[in-house]
Amino acid sequence: MVNTLKHILFVVLIFFMISRGNTQNAGAIEMGFGFGYNMARVSTIDGDRGTSYRSSFNGGVFGEYFFSDRWGLKMKLLYDRKGWSGIILKDDHPISLVSDYQLNYITLPVTANYHLGMGRNWHITLGTYFGVLLHDKAVGSATATNEAFQPLDFGIALGIGYAFKIQGSTTFYLEWDAQDGLTDIFDNPSGKTIRNSRMSINVGVLFL
């Protein structure tokens with residue numbers, strides 16, 4: 001186990017050493033595509049979590065406009081699969097007939113990106129996202145509810161990532177991001193507000 005960790009750390013160190021600067025000039029536009037592994041769940045607005053994570057994925061395209069070599073505005077267009085596993089709470093009573101539910105969205109995160117480090121390879125991002133529900137489905141042993149879901153979702157988006165050049169203007173990136181909803185996912189909310197929550201590990205390619 002120790003040797004495996006040493007090898008992983010060595011590979012990460014090599015990536016950092018061979019990566020070149022990712023500095024962009026004001027007015028530059030970077031576009032790309034990527035995909036990621038989602039871990040989604042729902043929670044109440046005050047943080048109570050009665051569900052387990054649902055594993056799924058996201059994928060899409062995005063672009064970033066640079067105001068300077070450090071600041072940029074990024075927009076993504078994602079197919080984003082959310083949902084939950086387990087029992088959720090509403091009106092302080094468990095809804096026991098839901099064990100695994102898919103909520104699939106088209107989401108549009110809009111974030112401010114701050115690039116840091118000597119080569120501006122690191123970035124932190126903060127902003128908001130808007131989601132449109134495409135499809136909802138009970139799966140596995142779940143029993144479909146009579147609940148209707150809100151067609152729109154809105155919340156906070158944040159993340160941190162690292163990018164390094166592959167060749168010319170092509171860049172590879174690795175990113176962790178999260179979304180926390182601010183609106184109730186149910187069409188007729190009552191009692192506790194149930195919101196989406198998901199985090200993901202993403203990889204992709206950027207083109208200047």
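The values are calculated or read from the model by the stated rules, or taken from the named source; none is laboratory data. Note that the structure is predicted; figures quoted are calculated from it, not measured. Every residue, glycine among them, receives a Cβ derived from its backbone with ideal geometry; neighbour counts consider all protein chains shown.
Structure notes:
- Count - residues of region 164-208 that are under 16 Å from Val42 (Cα atoms) and not β-branched (Val, Ile, Thr): 18
- The sole residue among Arg81, Arg70, Arg49, Arg54 that is under 24 Å from the mean Cα position of the chain (by Cα), surrounded by fewer than 18 Cβ atoms within 10 Å (Cβ to Cβ), modelled with pLDDT of 80 or more and among the charged types (D, E, K, R) is Arg70.
- Total residues in region 193-208, condition surrounded by 15 or more Cβ atoms within 10 Å (Cβ to Cβ), of a type outside the set (Gly, Ala, Ser), modelled with pLDDT under 95 and farther than 17 Å from Phe154 by Cα: 2
- Long-range neighbours under 7 Å by Cβ, at least six apart or interchain, first residue closer than 15 Å to Ile194 by Cα and of a type in the set (Lys, Arg) within region 148-170, second at pLDDT below 95 and outside any strand (DSSP E or B): none
- So Gly131, is it small (Gly, Ala, Ser), surrounded by 16 or more Cβ atoms within 10 Å (Cβ to Cβ), modelled with pLDDT of 80 or more and farther than 21 Å from Val61 by Cα: no
- Meets criteria (of a type in the set (Gly, Ala, Ser) and at pLDDT 90 or above) for Ala142: no
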